[in-house]
Structure formats: structure tokens, C-alpha cells
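The values are calculated or read from the model by the stated rules, or taken from the named source; none is laboratory data. Computed from a predicted model, the values in this text were never measured in an experiment. Counting neighbours? That spans all protein chains shown, and the Cβs are built from the backbone with ideal geometry, glycine included. Quick note on the areas: whole protein, heavy atoms, side chains included, nothing else; ligands and nucleic acids left out. Shrake-Rupley method; radii C 1.70, N 1.55, O 1.52, S 1.80 Å.
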Amino acid sequence: ATWARVARQAEGIRTKLDELGDATLHVEADGTDLRLRVGRMRRWAGVTGRNIPSFELYVSPDWRSVEGVYTADLPSFRSGNIVQGVRLEFRQGRVVRLDAEQGEGFATGQLNSDPGAAMLGEFAVVDRRFSRITRFMANTLYDENHGGPHGSMHVALGQSYANTFSGPSDELTADARRELGFNSSSLHWDLVATTPRRVTAAAPGGKRVVVYEDGEFRL
């Protein structure tokens, strides 16, 4: 019953996110000032029950639009390595600088693993009302769904998700991926932030709306 309630709430939010279209999102938080476009022919996904517990709503943005700085405060456990305090600086869609308090060498190696590893494949937000996960679990499937007092968000370096394409799946060809800014990579690495933040959307028609603040969707 609880899962059904969360799914209904998430579906309402997802519908409103889709109605914003190819909006430009601005993320503001301590150590983060990031802008990106949702992209053409996109739909938001998440809370489907295919990856339980999964409380995130996510989209694969147009990687070419990403500009600014993003900081992840939650540690990441990957391939036997702990990476903590990651700070990414984006210019023209690519990471031009990576700093980390711990595991910087490993993180830099991930970033250089293939040509698409330095670009974004996912942007996701978790509402604190949905998730009861409140601590670092050292398992990405849990950590990317962190709730806690401020909710969470994450970006993923590398591969984008085809299920965020709004058209028929067979139309997302290699040429279409390039044209629409869907990133391609052998990497998909989620980096999670749990500090207070605001996400503001500027829709193509000029309408501005606060999408997320104080750990909750505001739509």
C-alpha cells in the first residue's frame, strides 16, 4: 500500500516535469552551481518498481548543455574503492576539472576510461518523503536513492538511459543519440549529493518554476 501511494505521487510529479519540456535546470547548493538542459524528445522516468528501492525521478539530459560546478558529499563505493568529496567542473558539457578529498586518482581514471566518460548521462532527484534511506550504504542502488533530511540528487558520468527518450525505442539510433545529445559510454557512475539545494526550471516559453527545494518536489 505504501509503495502504491509513493508511485501515485511520483507519477503526478513526473507528469508535471514532462510538461516543462526542454527546460533549462539550475541547481544551487553549497559547492554546486550547475545548469543543464533536459533536452529534446525527453521524458522523466523512475519509481517504476524495476529497481527496488528506487525513489528517484531521472532524465538523461542533453550532455552538451552542462555548465558549472557540482559537488557530491556522499561517498561512492566503486570497484573496491571509496571516493569522497568529489567536485566536478563542467564546460561545454565536459568535465574539465575533477577534485576529490579521497580517491582522486581512481576517480580521474574513471573519467578517462573512454571518450564519453567525462560527460553526463543522467540527472536525478530524490524526494525525502519517498525514501527512508538515511545513511551511506556502500551500494550504489541504495545510495543513489538516499532520502535523509534534505533528500538527495545525483548525476551520473557516462552512459545515458534510452528509456528517457520520448519516441519509439527503435528510433533512438546512433545518429539520433548524437543529434539529441544522449551520451554514450561504457561508464555509468552515480555521484550523490545530500545537502540542501534548490532546482529551478526555465521552460522554453520563459516560465520559471522552482522544481525542488528543501528536499521535496515543489510542483
Right, Ala23: out of contact with any Ser or Thr (no Cβ under 9 Å at 6 or more places or on another chain) and closer than 18 Å to Glu213 by Cα or not?
-> yes
Determine whether the stretch 89-105 contains at least one residue that is touching an Asp or Glu at 6+ places or on another chain (Cβ under 6 Å) and β-branched (Val, Ile, Thr).
-> yes
Can you find even one residue in the stretch 93-104 that is under 26 Å from His150 (Cα atoms), outside any loop (DSSP other than H, G, I, E, B) and open to solvent by less than 10 Å² (accessible area, probe 1.4 Å)?
-> no
Mind checking which strands (runs of 3 or more DSSP E) fall wholly inside the stretch 107-219 and carry at least 2 residues that are surrounded by fewer than 21 Cβ atoms within 10 Å (Cβ to Cβ) and touching a helix residue (DSSP H, G or I) at 6+ places or on another chain (Cβ under 6 Å)?
-> none
Do you know which residues across the stretch 182-209 are of a type in the set (S, T, N, Q) and more than 25 Å from His146 (Cβ to Cβ)?
-> Ser184, Ser186
